[in-house]
1. What ranking do 191-202, 149-160 get when scored by the average of other Cβ atoms within 10 Å per residue, highest first?
2. Suppose only helical runs count, i.e. DSSP H with n ≥ 4. What mean residue ellipticity at 222 nm does that imply for the chain under -39500 (n - 2.57) per run, divided by all residues and rounded to the nearest 500 deg cm²/dmol?
3. Given contacts defined as C-alpha pairs under 8 Å and at least six residues apart, what's the relative contact order of the stretch 71-155, whole-number percent?
4. By how many degrees, between 0 and 90 and to the nearest 10, does the Cα long axis of helix 403-414 differ from the longest principal axis of the chain?
5. Can you give me the pair-distance distribution of the stretch 177-236, C-alpha pairs, 5 Å bins, whole percents?
6. Calculate, axis by axis, the spread of Cα positions in the stretch 354-431 along the three principal axes, and write the results as whole Å, longest axis first.
7. Using the Kirkwood formula on the Cα atoms of the stretch 1-126, what hydrodynamic radius do you get, in angstrom to one decimal?
8. On a 0 to 90° scale, report how tilted helix 13-24 is relative to the longest principal axis of the chain, with both axes built from alpha carbons and the result rounded to the nearest 10.
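Nothing in this text is a laboratory measurement; each read-out follows from the coordinates by a stated rule. Since the model is a prediction, treat every value here as computed from it, not as a measurement. Neighbour counts run over all protein chains shown; Cβ positions are idealised from the backbone, glycine included.
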Amino acid sequence: MKKINVGLIGFGNIGSGVIKILRQKREFLTEKIGLEINIKKICDKDTTAKRNISVQKSLLTNDPKDIINDPQIDIVIELIGGVHPAKEFISEAIKKGKHIVTANKALLAQEGKELFALASDRGKNIYFEASVGGGIPIIKSLREGLVANNYSSIFGILNGTSNYVLSEMSQHNCTFADALHQAKLKGFAEKDPTLDIEGMDSAHKLVILAYLCFGKLVDLKDIFIEGISHISLADVNYAKDMGLEIKLLAIAKKEGDELQIRVHPTLIPKAHLLSSVNGVFNAIYVSSDFAGNLLFYGPGAGQLSAASAVVSDLVELTQDIKAGLFRPTLNIIADKSIKKICCIDNVQGRYYIHFTTLDKPGVLAKVAGILAKFGISIASVTQKEKSKEEVVPIVMIIHEAKEKNLRLALQAIDKLDAIKVKTVAIRIEDV
Ligand SMILES: NC(=O)c1ccc[n+]([C@@H]2O[C@H](COP(=O)([O-])OP(=O)(O)OC[C@H]3O[C@@H](n4cnc5c(N)ncnc54)[C@H](OP(=O)(O)O)[C@@H]3O)[C@@H](O)[C@H]2O)c1
């Protein structure tokens, strides 16, 4: 029986998960695909470290060239993470005639254009199912299952750490700091969680999803990114009183001939499916023209779920190799109705606003006056209980307004003597 030789670069968490699955499911997979997936070499910086799966010493190397330059290796799996040297390893491997499997969203978001072009020039494929949503088969679904569809929007809860923190705040009434501390204790947050909490990880994944849905490989700098570190427990609770839940959403949405692409804390109705996605789970809500609205849900990270996605890519590639054909699987067709990326300033939406004011007559009238000057009308106002500092939280929902106008209005409002804390505004999305 024909063997497909595979080289793995990166024997860390996901890399060892891949070896675990391939070992455990060896016979099953061989029977299913009609050939054997043979791990020929494993490269990691440290070949002596104790891993949670043991392999023959002869398989291990700390030199990636032992994989990249091996003519018998058909597929290279890159699981080291980060942009460099992962980019160089992948480029070299493609030039040496290998297909690629990677889980590296940061790399694809930043260097995808060049890597996909190189692979296509050389008649090779790059598969990346594990780069978004761990084991949730969202890439394959967008690429194949929904191929007959055009998409109008995609809303994703794409970062387990942030979702865990927001869910803890909402369900257990704890502060942001306490929830993040819990996440670290449980291994759901890195020592430095900035990339997750400040939205960059979600943005990386959004670049990939938007590429598949709209055919545009958006530059990261064109994505509006706002994290969750400024979200207070008070806001979580006030929003709940209004039937809203805060989620860090990654949004790609067509409005006329523009594509909105943004990551930020977002208020969504409690009744929406996405609002019940809690803990480290991920979910992607896709609106398509024929298949309608679909929700993809599952663990967004974790050794075996991500490794399961890597193995699925491997199996798909082996089928192509077996058939002796090159299918350009990323035959992306750009949505020609999209003429440009919408700047966040021009996004129209509803907002939740939380002012912290002195309890003095006339303040609300001044605030309303400034909002009116910028063409912003109020949908509802609630005065919350006075805190011991003699300031009053006022929570407002405004009707649709242009982001830029709201920002200018809030700058003016925050200059009022009676406003004691920077005003908080959170976008509301009618998903
Ligand atoms: N963890 C998840 O749940 C998850 C889910 C989906 C996707 N992913 C993606 O999967 C990839 C791997 O993540 P992971 O969690 O498995 O990371 P990891 O545990 O840190 O594993 C990476 C391994 O690669 C090694 N390495 C780093 N640079 C190398 C180099 N130049 N040459 C050889 N080996 C090198 C690392 O060694 P050192 O530790 O010594 O640096 C480490 O052993 C990342 O792109 C990540 O974004 C992860």
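1. Output ranking for 191-202, 149-160: 149-160, 191-202.
2. Rounded to the nearest 500, it is -10500 deg cm²/dmol.
3. 25
4. So the inclination is approximately 50 degrees.
5. P(r) for the stretch 177-236, in whole percents per bin: 4, 16, 21, 19, 16, 11, 10, 3, 0.
6. In descending order, the Cα extents are 36, 26, 18 Å.
7. 14.9
8. 50
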